[in-house]
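A.B. asks: My questions will all concern the structure given below.
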Amino acid sequence: MDSETVTQQRFARMRPVPVGGDAASVRASDLPPGPRMPGLLQSVGLLRFRHWFVPALRRRYGDVFSIRIMPEGRYLVVFNRPEHVKEIFAGDPEVFHAGKGNAILGPVMGEHSLLLVDSSQHKRARRLLMPAFNGHALRGYEDLVSGLAKTEVGRWHEGEPFESLERMNALTLEVILQVVFGVTDESRLGELRPLVKQTVDIPPLVFLGWGFPKLQKYGPWRRTMENQVELDRVIFRVIAERREAPDLEVRTDVLSRLLLVRDEDGGGLTDEELRDQLVTLLLAGHETTASALSWTLHELGRDPAQAAKAREAAVAGDGDYLEAVLKESMRLHPVIPMVVRHLMAPATVGGIDLPAGANVAASIILAHESEESHPEHTRFRPERFLEGEVATNTWIPFGGGVRRCIGAGFSLMEGVAVLREVLTTYDVTLPHGTTEKAKVRNITSVPRHGARIVVTRR
Ligand code: HEM
């Protein structure tokens, strides 16, 4: 079968289906209280205005509340206390499903995507992917990441304000292409960059329209489909060439490692599985890390004392301090607002009995702004991560349990490497009068004005 047919069949198979028919049997009276406004308004509040809507609901209803979400009749019960978060993360994976909530990403990510599968399928995929993200593998990626960061940082112009988010997006994309896909050949990179960028930038409207196959003939849906066909064609070619690479055994990119893994029966990942996982890693790992890094540069730029400490750490090669800087920035500015599990059977969380079909969420925004868990929670104070102040299940930017972000270690390694390059090369400040607040872009929260900074060579 040619790659175009494979792509078209995936789009036909992976229509986003609203989560579980069992959701329809859930009644508001079975759940903790929450606002009564129409589900559409609550969904918009949750998706577009999460930074004030969710905290406002906590002030009104307390630590546990329910939100009605689209499609009408679905409910999300939101938790944030560490003991409740712990129960959600430790929930039986057969009951607490995570994949279903991501069904809308199906046509792009594919049916094998780690983000979309549950139960035994998830367990197998996770076991096969894990070795490419363990400590040993991460150390193997570090030099290439540092090299890419050096090239990027070397291009910056002194004294001219620029949006750090845009530059970090370009850099993290390059990291995915070269370190994850393992593509370093300039002509192949030139082919991949625009295709990948268009995939990352698919507008929300296109995602919502996938339930209607006829739309695929028109405008943005047709262009998305054509781009996917082309991207898949290149990815399948990269996979085929890599399978034949004489140096496969010694290569250190993620794809090469994935080509060598075997399950208990001696089977490896098929080309389609590899494609789905590569696109998943691309979409999950690119903008998230870029947003976290640009928030970090913003925080350092506006606090000269913190910037001086971070610079000292960078010069002294103190990776632990730089990691604490990154973690504190991710605490203050969570990139992903919450993690959600769909209940396949009745379950109890925080002493509350919940019916099958309900969704439970651990709110990252609320967990991170808890004064009880993080004293002086509005202050940027990286030291809290070095002084053992941050208790388990109170800092959860990467989710938790069997679904914890597989790229958490990768993004921290990448973040530290990038900060080291920036801070040993430049002093970072903010253009006069700069303020920032969060804006929602697709699923992630990014700095609204792009986290503008000014750099001066040291
Ligand atoms: C600052 C950067 C990042 C943040 C904030 C972030 C956050 C998250 C969160 C909240 C989840 C859901 C966890 C859960 O449901 O409990 C997740 C899952 C995932 N992330 Fe990340 N992520 C980041 C970077 C990355 C990177 C660099 C990669 C890969 C290169 C990656 C790949 C994934 C994958 C594949 C999953 C699905 C895991 C599973 O379901 O088993 N992420 N991430």
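A.B. asks: Against the condition of a type in the set (Ser, Thr, Tyr), touching a residue at least 40 places away in the same chain (Cβ under 8 Å), touching a strand residue (DSSP E or B) at 6+ places or on another chain (Cβ under 6 Å) and not in a loop (DSSP other than H, G, I, E, B), how does SER256 come out, does it pass?
C.D. replies: No, not satisfied.
A.B. asks: Of all residues in region 43-80, count the ones that are more than 20 Å from VAL349 (Cα to Cα) and open to solvent by 50 Å² or more (accessible area, probe 1.4 Å).
C.D. replies: 11
A.B. asks: Related question: Give me the pairs: first residue in region 119-148 and of a type in the set (Asp, Glu), second residue assigned to a helix (DSSP H, G or I), beta-carbon distance under 8 Å, and six or more apart or on different chains, which are they?
C.D. replies: Listed by first residue and then by second, the contacts come to GLU142/MET413; GLU142/ALA417.
A.B. asks: Of LEU255, LEU208, LEU177, LEU171, which residue is out of contact with any Cys (no Cβ under 7 Å at 6 or more places or on another chain) and open to solvent by 10 Å² or more (accessible area, probe 1.4 Å)?
C.D. replies: Of the residues listed, the single one that is out of contact with any Cys (no Cβ under 7 Å at 6 or more places or on another chain) and open to solvent by 10 Å² or more (accessible area, probe 1.4 Å) is LEU208.
A.B. asks: What residue, among those in region 99-114 that are open to solvent by less than 60 Å² (accessible area, probe 1.4 Å) and within 12 Å of the ligand (Cβ to nearest atom), is farthest from LEU281 (Cα to Cα)?
C.D. replies: GLY101
A.B. asks: Considering only region 392-403, I want to know if a residue exists there that is among the hydroxyl-bearing types (Ser, Thr, Tyr), within 29 Å of ARG139 (Cβ to Cβ) and at pLDDT 95 or above.
C.D. replies: Yes; the residues of region 392-403 include at least one that is among the hydroxyl-bearing types (Ser, Thr, Tyr), within 29 Å of ARG139 (Cβ to Cβ) and at pLDDT 95 or above.
A.B. asks: If a residue must be under 23 Å from the mean Cα position of the chain (by Cα) and outside any helix (DSSP H, G or I), how many such residues does region 273-312 contain?
C.D. replies: Count: 1.
A.B. asks: When you check VAL117 against the structure, is it farther than 24 Å from VAL175 by Cα, open to solvent by less than 50 Å² (accessible area, probe 1.4 Å) and not charged (D, E, K, R), yes or no?
C.D. replies: yes
A.B. asks: Here's another thing I want to ask about it. Considering only residues that are free of Cβ contacts under 8 Å to residues at least 60 places away in the same chain and within 9 Å of the ligand (Cβ to nearest atom), look in region 388-428 and name the one that is surrounded by the most Cβ atoms within 10 Å (Cβ to Cβ).
C.D. replies: Out of the qualifying residues, it is PHE398.
Residues are listed down the side, and each one gets a yes or a no for (1) assigned to a helix (DSSP H, G or I); (2) in contact with a strand residue (DSSP E or B) (Cβ under 8 Å, 6 or more places away or on another chain); (3) surrounded by fewer than 22 Cβ atoms within 10 Å (Cβ to Cβ):
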| residue | (1), (2), (3) |
| --- | --- |
| ALA314 | yes, no, yes |
| LEU326 | yes, no, no |
| SER329 | yes, no, no |
| ILE336 | no, yes, yes |
| THR348 | no, yes, yes |
| GLY357 | no, yes, no |
| ALA362 | no, yes, no |
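A.B. asks: Can we say SER370 is away from the ligand (no atom under 16 Å from the Cβ) and polar (S, T, N, Q)?
C.D. replies: Yes: the conditions hold for SER370.
A.B. asks: Name every residue in region 429-458 that is open to solvent by less than 10 Å² (accessible area, probe 1.4 Å) and more than 16 Å from the ligand (Cβ to nearest atom), in order of residue number.
C.D. replies: Of everything in region 429-458, those that are open to solvent by less than 10 Å² (accessible area, probe 1.4 Å) and more than 16 Å from the ligand (Cβ to nearest atom) turn out to be GLY450, ILE453, VAL455.
A.B. asks: Give me the pairs, please: first residue somewhere in region 165-180 and without any contact (Cβ under 8 Å) to a residue 24 or more places away in the chain and within 18 Å of LEU129 (Cα to Cα), second residue anywhere and in a helix (DSSP H, G or I) and open to solvent by less than 10 Å² (accessible area, probe 1.4 Å), beta-carbon distance under 8 Å, and either six or more positions apart or on two chains.
C.D. replies: Pairs found: LEU177/LEU189; LEU177/LEU192; LEU177/VAL196.
A.B. asks: Could you list, ordered by first residue, the pairs with Cβ atoms under 8 Å in which the first is in region 434-453 and more than 22 Å from SER43 (Cβ to Cβ) and the second is part of a strand (DSSP E or B) and open to solvent by 80 Å² or more (accessible area, probe 1.4 Å), at least 6 apart or interchain?
C.D. replies: THR434/ARG452
A.B. asks: Another question about this same structure. Go through TRP221, TRP210 for me and flag whichever is touching a Pro at 6+ places or on another chain (Cβ under 7 Å) and not hydroxyl-bearing (Ser, Thr, Tyr).
C.D. replies: After applying the criteria, what remains is TRP210.
The values are calculated or read from the model by the stated rules, or taken from the named source; none is laboratory data. What you see is a predicted model; the values in this text were computed from it and never measured. Cβ atoms come from the backbone with ideal geometry, glycine included; neighbour counts cover every protein chain shown. Side chains are part of the model used for accessible areas, which takes the heavy atoms of the whole protein and leaves out ligands, DNA and RNA. Shrake-Rupley method; radii C 1.70, N 1.55, O 1.52, S 1.80 Å.
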